[in-house]
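Asks: Dropping the structure in here first, questions after.
The values are calculated or read from the model by the stated rules, or taken from the named source; none is laboratory data. Computed from a predicted structure; not experimentally measured. No Cβ is skipped: glycine too gets one built from the backbone with ideal geometry, and neighbour counts run over all protein chains shown.
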Amino acid sequence: MPARASRLRSDRRIQLISGVVVFGWFRKREKPRVFLGMIVIVPRTGIKPRFDQFGVFGNEELDTSLRATLHEIFSLPLASEVHAPLATDLGLDVFIPTFQAGGVWNLSLGGDIPIFFPFFWRPKITVTCRLYYLQSQRTKRAFSVTKKMRWREFLGRQFTLRALFNFRPTFDSEDMNRLLKLACHSMLDKLTKAT
């Protein structure tokens, strides 16, 4: 009789444990809240930006356009307005560390027989995101995505009236914003899986 009572207690304990396990398995994990931290466009350095600004963009305020697009895509509540973050709350910092407008430049050696060396660089943009815990500021994940204009489109643009007569920029902020949206779309897929 005591052995039977012990077996019954053991069976009830197993049922209780398996019930908890099954309940935990069916219970959905609560998604964390995500807040926007910083949006930073790193100032460009080197020789390419000079050619971009002079030959391609002119007086366009490209940084302002890219920043506005990022705010439109990552329309999240601000992390700075969260005064008592939960342990699961996440912050998101978005950076554009590098971008280039693209262009063509011919280097001529001169002399009796002119020799030209063409240099091509396509429009390109890199977006980096840092996902971190708001309470501890500890980084959870970091991602980086780079998008470039396809060669076919880039070379096709070189033979348009716009490029040949140079009355308007061959590449403008619309091209860069399109690349930025493509990069952010890939980034959002990665962020969704990470949270």
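Asks: Name the residues in segment 152-170 that are in contact with a Lys or Arg (Cβ under 7 Å, 6 or more places away or on another chain) and at pLDDT 75 or above, would you?
Replies: Hit for segment 152-170 is Phe154, nothing else.
Asks: Related question: Which one of these does Glu61 not meet: (1) surrounded by fewer than 16 Cβ atoms within 10 Å (Cβ to Cβ); (2) charged (D, E, K, R); (3) at pLDDT 75 or above?
Replies: (3)
Asks: What about Thr88, is it at pLDDT 90 or above, polar (S, T, N, Q), surrounded by 10 or more Cβ atoms within 10 Å (Cβ to Cβ) and closer than 28 Å to Met176 by Cβ?
Replies: no
Asks: Let me ask something else. Can you tell me which residues in segment 128-156 are part of a loop (DSSP other than H, G, I, E, B) and out of contact with any Phe, Trp or Tyr (no Cβ under 7 Å at 6 or more places or on another chain)?
Replies: Scanning segment 128-156 gives Gln135, Ser136, Gln137, Met149, Arg150.
Asks: Taking the residues in segment 176-195 that are hydroxyl-bearing (Ser, Thr, Tyr) and part of a helix (DSSP H, G or I) as candidates, determine which candidate is surrounded by the most Cβ atoms within 10 Å (Cβ to Cβ).
Replies: Applying the filter and picking the extreme gives Ser186.
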